[in-house]
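One structure is given here, and the rest of the page talks about it.
Read-outs: derived from the displayed coordinates by stated rules, not from any lab. These numbers come from a predicted model, not from an experiment.
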Amino acid sequence: MAAKLMNVHQFADSLGITVAAVRRWLLERRVTHIKIGRCVRIPESEVDRIIDAGLRPARPNKKTPRKES
């Protein structure tokens with residue numbers, strides 16, 4: 001089964017970032033991509049990888065009693 005490919009605009013929209021940021025990531029090789037001539041395509045799986053890489057688990061809520069003055 002072939003991976004679904006997205007263009008730069010679709011990739012940016014799916015992450016809620018600018019096209020310029022995606023192009024910068026491509027230049028820095030932070031995103032896996034495929035070039036077909038001048039066309040750049042990014043596998044859909046990269047969206048999940050980037051989200052997982054940036055995921056920070058929530059801290060447990062530590063309520064400390066306040067001292068009343």
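Taking amide hydrogens as placed 1.01 Å from N in the peptide plane, the amide H of M6 sits under 5 Å from those of I42, E44, each at least 5 positions away in sequence or on another chain. Projected over all directions and averaged, the alpha-carbon convex hull of the chain occupies 8.1 nm². Extension gain for the segment A20 to D52, taken as residue separation times 0.36 nm less the Cα-Cα distance, is 9.4 nm to one decimal. Which whole-Hz ³J(HN,Hα) couplings does the range 4-21 yield from phi under the Karplus relation 6.51 cos²θ - 1.76 cosθ + 1.60, θ = phi - 60°, glycine and proline marked x? Taking θ as phi minus 60°, the curve returns 6, 10, 10, 7, 4, 5, 5, 5, 4, 5, 5, 9, x, 10, 7, 5, 4, 5 Hz for the range 4-21. Rounded to the nearest whole Hz, the Karplus-based 3J(HN,Hα) values (6.51 cos²θ - 1.76 cosθ + 1.60, θ = phi - 60°) of the range 41-53 follow the sequence 10, 10, x, 4, 5, 5, 4, 5, 5, 5, 5, 5, 5, with x at glycine and proline.
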